[in-house]
């Protein structure tokens with residue numbers, strides 16, 4: 001198999017983090033006022049074991065470090081996911097999502113707090129980030145991966161038009177080396193799917 005050209009070698013992957021409003025979410029920069037809810041939702045082994053870089057237990061120190069890292073000017077983008085409230089413009093914190101630079105190029109990532117599972121928030125955020133990735137950069141391929149034991153994440157990825165690209169391993173801070181399924185979405189396929197249904 002021939003490896004894809006690494007988009008990060010010749011493409012700018014710096015993305016302006018303007019707020020994104022979807023039908024039910026406001027996606028914005030993480031901030032200090034999120035710390036209590038971030039800790040409450042992220043301090044869950046069931047969430048952390050599905051991710052590479054989320055530690056468990058997860059406390060205020062980890063939340064502050066995450067917010068500080070997300071504020072740095074670096075390639076990719078990180079969003080806090082909050083419920084859209086028609087009166088105040090924003091509501092409760094439900095999770096995080098972003099576009100991260102990996103060795104293969106730009107990769108979609110997300111997590112939703114357990115009280116908000118099975119409501120379609122991950123799919124809604126993922127659709128918005130897929131569109132952002134292809135509109136804000138000149139990448140030719142966007143990547144995603146999911147642990148093989150995470151069918152919910154796999155469904156989100158497939159609903160966004162990603163195609164299976166093989167298996168690999170991921171190092172998780174919580175569980176060590178774990179098998180993952182890798183997916184890819186090329187620009188041409190995204191262009192044909194731009195009207196998300």
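Taking every DSSP beta bridge that has both residues in the chain, what percent is antiparallel when rounded to the nearest 5? Before the final figure, lay out each step's value.
Numbers: 36 of 38 bridges.
If I count the DSSP bridges inside the chain, around 95 percent turn out antiparallel.
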- request: Note down the relative contact order for the stretch 9-140 as a percent, whole number, built from C-alpha pairs under 8 angstrom at least six residues apart.
  value: 28 percent
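If I take every Cα pair under 8 Å that is 6 or more residues apart in the stretch 59-197, average their sequence separation and divide by the length, what percent do I get for the relative contact order?
Numbers: 197 pairs, mean separation 22.7, N = 139.
So the answer I get is 16 percent.
Would you work out if the stretch 62-142 is rounded, prolate or oblate? Take a ≥ b ≥ c from the square roots of the eigenvalues of the alpha-carbon gyration tensor; rounded if a/c is under 1.5, else prolate when a/b is larger than b/c, oblate otherwise.
Here the stretch 62-142 falls in the prolate category.
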- line: Site residue 189, offset 7 angstrom along Cα→Cβ, radius 15 Å on amide nitrogen, limited to the stretch 140-172, gives 140-146, 154-167
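What per residue convex hull volume, in Å³, do the alpha-carbon atoms of the chain yield? List each step's numbers first, then the result.
Details: hull volume 23.4 nm³, N = 197.
Dividing the Cα hull volume of the chain by its residue count gives 119 Å³.
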- line: residue 22 and residue 175 label points (each 7 Å along its Cα→Cβ direction) are spaced in nm at 2.3 nm
query: How high is the FRET efficiency between residue 36 and residue 103 when r is their beta carbon distance and R₀ equals 30 Å, given to the nearest 0.05?
result: 0.30
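No lab work stands behind these numbers, since they all come straight from the coordinates. Note that the coordinates shown come from a computational prediction; the quantities given were computed from them, not determined experimentally. Backbone-built Cβ (ideal geometry, glycine too); neighbour counts: all protein chains shown.
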